[in-house]
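> Before we start, here is the structure in question, set down as structure tokens.
The values are calculated or read from the model by the stated rules, or taken from the named source; none is laboratory data. Everything numeric in this text was worked out from a predicted model, so none of it was measured. Don't worry about glycine lacking a Cβ; one is built from the backbone with ideal geometry, like all the others, and counts go over all protein chains shown. Surface accessibility is based on the protein's heavy atoms, side chains included, excluding ligands, DNA and RNA. Shrake-Rupley method; radii C 1.70, N 1.55, O 1.52, S 1.80 Å.
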Amino acid sequence: MAVDRSDPRPLHQQVAHSLRKQILGHDLPPGAPLPSEAELCAAFGVGRSVVRQAVAGLAADGLVIRRQGRPTVVASPAEYRRLVQRATGLSDQFAVAGQELHTVVRTLRPGSPPPRAQAFLHTADALRLERLRLVGGDPLAYVRTWLPAAKVPGLRAEDLTDASLHRLLTRNYGLRPVSGRRQVRAVAADDMLAEALRTEPGGPLLMLEGETTDQHGQALEWFTTWHRADRVVFDIDVSETAETVSLSALDTTPDAPPPAPETPAAAPPLTPAALARARALAEELHRLLG
């Protein structure tokens, strides 16, 4: 666990990076005390000033809580909830909960959608919209949406900054999202997603992928949303008379490989800690479904 003095990164960043991995991988679970300054100095082979700077950075990111005269402990992450089976988007669900969701548009440009999206949209003439969703400056989700270009003429990125795509579609184009199908998978964060969501490469994300139709039954959007698994909880409504969500095992035989998540590059393999976290998330979904 000692720092690498040939690494160009400052020593405090290396210490913070190592502790961050342990916290996000639940090797240091919420509520657990951090090792003492003396223990961290011995473990990393650095001085107290380096350790204090590293811990201060973790505290600024909300990962640990420092208390005068008491041990520093791992913070319990704030959890934000969304209903998987609702056609409404994140903005509307957060607004109902009284939480302010901020949106940063990363890109809006013409593009050719992947085969499944193209088959659903019935066109290769589409717009690729990528957005980062945040609460209180904390990134929660990265969203990639494909829209039929002919249905949204004049759509601008500035129209979607801190705004709801679904509300804009309804207000400006008379297209109201009403139904669709959704799938949830646990996936590993690639470098791009890890950077955008401020998590570790290879760490677990909850990927929600789906399609939405409008009030006329016509294809409206195809989207993929990657959620931070330590920040977002999926709520599922179930009843005796309606099965609103189903889980199915992916067929991983050689003849039927599982569909890869739509990311710019292949995601790295899950670390053992991240895999355990992903399995725990899947078990929680199964438990909710009964």
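> Only residues that are within 28 Å of Arg231 (Cα to Cα), open to solvent by 50 Å² or more (accessible area, probe 1.4 Å) and modelled with pLDDT of 90 or more: list them for the range 168-191, please.
Passing the criteria: only Asp191.
> Also: Go through the range 144-235 and tell me which strands (runs of 3 or more DSSP E), entirely inside it, have 2 or more residues that are more than 30 Å from Ile23 (Cα to Cα).
179-188, 204-213, 219-228
> Could you please find all residues in the range 116-136 being crowded, with 18+ Cβ neighbours inside 10 Å and assigned to a helix (DSSP H, G or I)?
Scanning the range 116-136 gives Ala117, Phe120, Leu121.
> Let me ask another. In the range 137-153, is there at least one residue being at pLDDT 95 or above, aromatic (Phe, Trp, Tyr), more than 15 Å from the chain's Cα centre (by Cα) and open to solvent by less than 30 Å² (accessible area, probe 1.4 Å)?
Checking the range 137-153: at least one residue is at pLDDT 95 or above, aromatic (Phe, Trp, Tyr), more than 15 Å from the chain's Cα centre (by Cα) and open to solvent by less than 30 Å² (accessible area, probe 1.4 Å).
> Go through the range 6-30 and count every residue that is of a type in the set (Lys, Arg), farther than 13 Å from Val55 by Cβ and either open to solvent by less than 30 Å² (accessible area, probe 1.4 Å) or not in a loop (DSSP other than H, G, I, E, B) (or both).
So the answer is 1.
> Go through the range 192-226 residue by residue and tally those that are under 21 Å from Asp61 (Cβ atoms), among the small types (Gly, Ala, Ser) and at pLDDT below 90.
The number of residues fulfilling the criteria is 2.
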